[in-house]
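> Let me give you the structure first, and then I'll get to my questions.
The values are calculated or read from the model by the stated rules, or taken from the named source; none is laboratory data. As the structure is a computational prediction, the values presented were derived from the model and not from experiment. Methodologically, a virtual Cβ is constructed for each residue, glycine included, from the backbone with ideal geometry; neighbour enumeration extends over all protein chains shown.
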């Protein structure tokens, strides 16, 4: 059993529930007072993640606009030369790699979630470069900033290798961070400035084909939100109130809090995969709790200022539905507690995942 922090947030939540009968006018006033609030402003916590995965344009873009990510900068990392230029690095004249540096709020998104996304963007078994960009300068690396990041990165590599996600072993090194130099301005947000060239480059290099071969893609086409009329027919009143109107089910008296079976939890509205049983733990909150989602890109985390508190709401992006909240009192290594409503999810047992169309996620629970 993991050691668990007893969160003060339970006390606040109890107070909030006592005042759940406050008028809608009062709620609207509270929300209006902080309409500009963003999840990244809930605390002053800031952390860095530095990754190299070939062309930095293609590593920068996937992390943009993820809640909890504050900035993503393209640049050069790990070499001895000071103030390198793109011409120097791309020609192989330096000991730097094209890299990206991510500033994120660890109270909103964990380093582990960022690493999971990173490994879905390139071929980590190629030590000679990245797709048709060849040379050390385009080889991959994780530059860790502390001991925890090192352990998270190494564990992620071990899990991917054991699951045989790739045909060959991962060769991406985990290296202690030393330096990072920001690239020239025209390289920043290149996917926005030159979208035609950017997407043609992704397709032409073979990167998109490699990703599609190894990872689920185009999930927004597969998992869609039904009409409101259909939802009212298909969902119970509790499920509808929780997902569509941000209601909260009773602690301890819900379907999945005590569930210890292997499998995944999917969005009750869209069917999109949300959480693995491997990341579920006993938080003693009375609601099912997880250390991280399957993919942070399938989650939205807006600021919730209801009941006079400021919290991070967790929503299913593809279902546009309320799931619960995330708190920073969880166990290592993420230190996050995704506190979810059972009514917002459907559990798919491991034995049924193939039949239900979730076979590609079995490695996460076995």
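> Yes or no: region 317-337 includes at least one residue that is over 30 Å from residue 119 (Cα atoms) and not in a strand (DSSP E or B).
Looking through region 317-337, none of the residues is over 30 Å from residue 119 (Cα atoms) and not in a strand (DSSP E or B).
> Separate question: Applying the selection to region 217-240, what residues are crowded, with 16+ Cβ neighbours inside 10 Å and in contact (Cβ under 8 Å) with a residue 40 or more places away in the chain?
219, 223, 225, 238, 239
Table: residues versus (1) more than 19 Å from residue 108 (Cα to Cα); (2) in a strand (DSSP E or B); (3) at pLDDT 95 or above; (4) under 14 Å from the mean Cα position of the chain (by Cα).
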residue	(1), (2), (3), (4)
260	yes, no, yes, no
264	yes, yes, yes, no
278	yes, no, yes, no
286	yes, no, yes, no
293	no, no, yes, yes
314	no, yes, yes, yes
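> Being modelled with pLDDT under 95 and not in a strand (DSSP E or B) is the requirement here; does residue 45 meet it?
In short, yes.
> Could you please tell me which pairs satisfy a Cβ distance under 6 Å, a separation of 6+ or placement on different chains, a first residue in region 340-351 that is more than 23 Å from residue 285 (Cα to Cα) and not assigned by TED's automatic domain parsing to the domain that holds residue 239, and a second residue that is surrounded by fewer than 18 Cβ atoms within 10 Å (Cβ to Cβ) and modelled with pLDDT of 95 or more?
none
> Just one of the numbered conditions (1) under 26 Å from residue 70 (Cβ atoms); (2) modelled with pLDDT of 95 or more is not true of residue 198; which one?
Failed condition: (2).
> Being over 20 Å from the mean Cα position of the chain (by Cα) and part of a helix (DSSP H, G or I) is the filter; apply it to region 209-231 and report the residue that is nearest to residue 363 (Cα to Cα).
Taking the candidates together, the pick is 213.
> Then there's this: Of the conditions (1) part of a helix (DSSP H, G or I); (2) modelled with pLDDT under 95; (3) surrounded by fewer than 18 Cβ atoms within 10 Å (Cβ to Cβ), residue 40 satisfies every one except a single condition; which number is it?
All conditions are met except number (3).
> Mind checking which residues of region 297-308 are in a loop (DSSP other than H, G, I, E, B) and touching a helix residue (DSSP H, G or I) at 6+ places or on another chain (Cβ under 6 Å)?
Hits for region 297-308 are 301, 305.
> Could you name every one of the strands (runs of 3 or more DSSP E) located completely within region 87-198 that has at least 3 residues being surrounded by 22 or more Cβ atoms within 10 Å (Cβ to Cβ)?
Here the list reads 97-104, 140-144.
> As an exercise: evaluate residue 359 against (1) in contact (Cβ under 8 Å) with a residue 24 or more places away in the chain; (2) over 21 Å from residue 153 (Cβ atoms) and give the number of the one condition it does not meet.
Just one mismatch for residue 359, condition (1).
> Also, quick follow-up: Go through region 59-86 and report how many residues are outside any strand (DSSP E or B), touching a helix residue (DSSP H, G or I) at 6+ places or on another chain (Cβ under 7 Å) and within 22 Å of residue 156 (Cβ to Cβ).
Count: 6.
> Which residues, counting only those in region 307-323, are farther than 27 Å from residue 120 by Cβ and crowded, with 18+ Cβ neighbours inside 10 Å?
Across region 307-323, the qualifying residues are 307, 311.
> Which one of 142, 211, 165 is touching a strand residue (DSSP E or B) at 6+ places or on another chain (Cβ under 7 Å) and in contact (Cβ under 8 Å) with a residue 24 or more places away in the chain?
142
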